[in-house]
Structures are given as structure tokens and as C-alpha cells.
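Structure record follows, encoded as C-alpha cells.
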Amino acid sequence: MKDFTTARADYIAWCRDQLGEAPWEVPAGSNRNDYSRALGRPAQAWCVDFAQAGLEATGSGGGIIPTASTRAHIAWAKTVGRHRSRTRPALGALVAVAKNGVSVHTDGCVVKASTSRLLAIGGNTSNRGGSTADGGGVYLNDRTYMLGSGTYRIYGYTLPFFGLTREDVLEIQGKLGVTRTGYMTAATVAAVKAFQKRSGLTADGFPGPTTFSALTLGTGGDASAAAPLTPAGGDFADVDRTQAWLNELGYGPLSGGVYDTATAAAVLAAQQDLGITPADGRPGPATRTHLEEAVAKLDDIQKQLDAQSATLKEIAGAVLNGKSGVRSDGTLVKLAKDQHKEVLGIIAPGKAGVRTDGSLVEVIKTEARKSGE
């Protein structure tokens, strides 16, 4: 297993090397390319295939979901905590480009990122001014103009789990009793985080070399924690509802209505995050009550957001061009905005725990933890 920094550097170097590998499609315009072929896929739009082929070639194939879809890898990244907002680029990250708000293309690798400049190497692009068109090549694209508010915009970034091969992930999943997929899943991240906490390691859900060593060799931290979390005495009421609550709080995906090892790991992670005792991975009555209350708080916040939507639209529409918040009736828009700070304060794109509906799960976790003290 490579460490994150080395694996990322290898991937960036591989992407740079591909700039000189023309022709990339034979015949031109056919979408027949070596990247899709290396993955056993047919001739197709290959912007995501380019990135995945590079990750496979440089020892990080288990660090991203195997898909040819831009939208699918974005959705996956959000469930495993590897999605970054459009204002938070990272070297080596995949760039999701959106047209009128709908994701349409992936650049495989950020090679330069700052507040004023964004360069990325992308496959299946053209060399016409950083176009997102299917140009059949690999080019260094200047995406700086997409940092603004035009038709084409940066939607966000996917930062792979650099350094994890498919074999690494399969071994990790086997040790933790999680469904073996060969790539990181939300259930795998939850199980890794639970293991890290039991072992006295940094609980970030990323199974890097230290965690991998502790898990596979029993070194570093509590060696007994390397055993999979087993759902002993797994006869609990309404497991499917418990799984639904866990999914809502970001510990899924879980399904099937069966108290299995993945569910036990997710329950343990939630118990530790929410301050539920005992933290034993068992969804008893007290744990179920805490989970239900946490989800209810999320629902209440969403209702507040929905209730404010019309008002906020009115506020936004009332701002006159070039004026500082003055409405036609003389009232200050700022005053109206201040009334909604409590609701707006939970919307924090790019921060840990943000759900796709904009609510901040971490706020709920903190409140739940305080209420239990």
C-alpha cells in the first residue's frame, strides 16, 4: 500500500504523461481508446474512464467507485466524504463540470489550484480554449473561467482514497465483515472509523498505512480491535427503520432489514458520534430513540428551510442592480436576511457532514451530544 501523498503524486505524473500519448482515439472520433479498453469497457465517452484507468495504473483503483458516469462518481463521493465544493479544489482531485447546473463532464486531475487559477488535465476533451466538447484527446485545460457564474461552471471535486488498490480494499472489507466490493463504500468508511476509534487511532474513516497495518497485522493501538465487529445477539426490533435512520444521518447505505456487521459498524459509529452510551454497536431502545430524535431534528431544519424559501426568493429578487440591499418599499434587505441567519447558518457547502439537501448533519450531532450530557 502506498501512502496518500506518494500515490497522489504518481497519479498526477501519470496524467501528465498522457498529454504526449496521441493519438488517443483510433480512428479519430470513434471513442475507441486505451483507457476504456484497459477497464474492459466499450467505446464510449471516456472522461471518467481516463481518470479511473490512471488510478488503477498508479495503485489507487480501490479509491474510487468503478463507473463511467460523472454523476455517479459525484454521488458516491458525497456518501463517503470525498466530495469537495467548487470553492475547495485539491491537487489530484477529479473535476466535475456542470452546464446550467447539470454535471456533464469530468476532468481527471487538478494540477494547479488557487483562488484565481484552475488547471486540470482531462481526457475526452478538445483543445479549443478548454472546451468540454468530445474532442477525443487528453489536454491540459484552463478551467479558471468556470470558477465564475457562466453557463459552464465547476460543480465540485472528487478526491479519491489515494493509495488503496482494489486488493487492499477487499482485504479491509473482509477483516471488518463489510460487503466486499473492491472499492470504498459508505459502510466501509463507517466500519473503518469504528475500528480506528476502538484502536485509539485518528478516526477519519481513511484506511491508510497505519490503520491498514493495525487492521491486518494487529499493530498500532489495541490489537484486539482488529477483529470484525460481530452482531452478537442480533434480535432487534424494526431493523429496517434503524437502517433508514442511519442512512438519513449519513452512515449508510444500509438495507435488507437484517442486523448484520455493516449495520453494527454503522450503529457503533453513530453511538460514538452522538455520545450514546454504551457504544457497543447494538441498536437497543435508547440508541433507537437517539437516532429517531436526531433524524427528527434534521427534518425540522429542512422544514424551516422550505418555509423560508419563498421569503428568501423575494429578498433576492428585490435587490436592485448596483444598490446595497435597498428594496423599493424602502426597507433594507439586510434586515430581512438577518432574520434568517439561524437557518442560513446551517448551510455550509464544502464542510464535513453536509447533506445533499444543504443541512448540516454535524450541527445535529453536536446538539444530540449536548442533550445527552
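The values are calculated or read from the model by the stated rules, or taken from the named source; none is laboratory data. All values derive from a computational prediction rather than experimental measurement. All Cβ positions, glycine included, derive from the backbone under ideal geometry; neighbour counts span all protein chains shown.
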Filter pass, T115 being buried (at least 18 other Cβ atoms within 10 Å of the Cβ), assigned to a loop (DSSP other than H, G, I, E, B), modelled with pLDDT under 95 and in the same structural domain as G81 (by TED's automatic domain parsing) = no
Taking strands (runs of 3 or more DSSP E) that fall entirely within region 33-111, which contain at least 1 residues that are in contact with a helix residue (DSSP H, G or I) (Cβ under 9 Å, 6 or more places away or on another chain) and assigned by TED's automatic domain parsing to the domain that holds K193?
-> none
Which one is surrounded by the fewest Cβ atoms within 10 Å (Cβ to Cβ), of the residues in region 200-211 that are assigned to a helix (DSSP H, G or I) and out of contact with any helix residue (DSSP H, G or I) (no Cβ under 7 Å at 6 or more places or on another chain)?
-> P209
On the given criteria, is L246 in contact with a His (Cβ under 9 Å, 6 or more places away or on another chain) and modelled with pLDDT of 80 or more?
-> no
Are any residues in region 250-296 touching a residue at least 40 places away in the same chain (Cβ under 8 Å), among the hydrophobic types (A, V, I, L, M, F, W, C) and more than 22 Å from Q173 (Cα to Cα), and if so, which ones?
-> L274, I276, L291, A294, V295
Within region 165-183, can one find any residue that is at pLDDT 90 or above, more than 26 Å from L268 (Cβ to Cβ) and outside any helix (DSSP H, G or I)?
-> yes
Determine whether region 27-44 contains at least one residue that is acidic (D, E) and crowded, with 21+ Cβ neighbours inside 10 Å.
-> no
